[in-house]
Amino acid sequence: MSLLITIEGIDGSGKTTLLKNLKQKGGLNLVTHNWRDTALVAFEELARKVINPNLREDKRVVIDRYLDSTLVYQGLEGNISLQDIQEIAYQNINLPPADLTFILDFDPQQAQERLRKRKLETGEYTNWDNLKLEFHRRIRDNYLRLKKLFPERIWVIDASQSEEKILTEVLSVINSFPASTEKILPSGRIEAGETPEMAAKREV
C-alpha cells in the first residue's frame, strides 16, 4: 500500500537521523528524501519528481519537511492564512496530502546546542540556525498547534528519547496504519472553505 509519511519539527530535533534510521533499519519498502525548503513551488517539484512516481508504484515515501513546514513558518509564524496555503497546495498545485505526519518534539535550547555542534563538526548550517532562541520556541509551539488542527494525521514524538526508542515508536504507528484507511482526499476534490480533513469526511 502506498503511503506518504512526513517528518516535521524544529531544526535540530532529529529529523535527518530518523529518516536515516527508517531507511537503514525500518525493514520497509521506503523511499526517503531530505527536503529543507518550505516553499510551495519547491514542493510541486518534489511531488512531481519524487512523491507521485513512487506512490504510483505502491511505495511508502518518507519526506523530511513537507506542507506542514509551510503552515508553520509561513502560516502560523508569518501570519498567512492556513486556508489560503492549503487551497494553493491542494487545488492549484495538486500536492498529494500526507497520510501520516510525525512531529519530533524537542527542547529548542537543546536543539540549538545540537546545531552548534553540527556546525563545528561538519560546517553545515542554515539561516534558521542564526535566529534567536525565542523564534525556535515559537516554531515548536506552532508545530504543537498543528497537532490540535489535524489530530488524526499527526503524531507527536518525544524526541528526547534514544534513537532506537524513537524509531520503534514511529515504526509501530506506520505498521499499524490500516490498509483500509482512505486517503485524506479520496477524489482529490476540495470545496471552497474546506480543509482537506473536512473534505475527506464529506466524501467518505
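Read-outs: derived from the displayed coordinates by stated rules, not from any lab. Note that the structure is predicted; figures quoted are calculated from it, not measured. Heads up, the Cβs are rebuilt from the backbone with ideal geometry, glycines too, and the neighbour counts pull from every protein chain shown.
Quick check on packing: order 46-55, 169-178 by the mean number of other C-beta atoms within 10 Å, highest mean leading. Write out the running numbers ahead of the final one.
Numbers: 46-55: 17.1, 169-178: 13.3.
Packing order, densest peptide first, comes out as 46-55, 169-178.
Relative to a virtual label point 7 Å from the Cα of Thr122 in the Cα→beta-carbon direction, which members of segment 57-75 show backbone nitrogen distances below 15 Å?
64-65
Sort 70-82, 12-24 by the packing proxy (mean of other Cβ within 10 Å over each peptide's residues), most packed first. Mind showing how you got there, number by number?
Working: 70-82: 17.2, 12-24: 19.2.
Averaged packing, sorted descending, gives the order 12-24, 70-82.
Pull out a ≥ b ≥ c, the square roots of the eigenvalues of the alpha-carbon gyration tensor of segment 1-58, then state rounded if a/c is under 1.5, prolate if not and a/b is larger than b/c, and oblate in the remaining case.
Numbers: a/c = 2.51, a/b = 1.03, b/c = 2.43.
Oblate.
So how strong a dipole does segment 1-95 carry about its Cα centre when Lys and Arg Cβ are +1 and Asp and Glu Cβ are -1, to the nearest 20 debye? Kindly include the intermediate steps, with their values, before the conclusion.
Details: 11 positive and 12 negative charges, 124 e Å.
Computed about the Cα centre, the dipole is about 600 debye.
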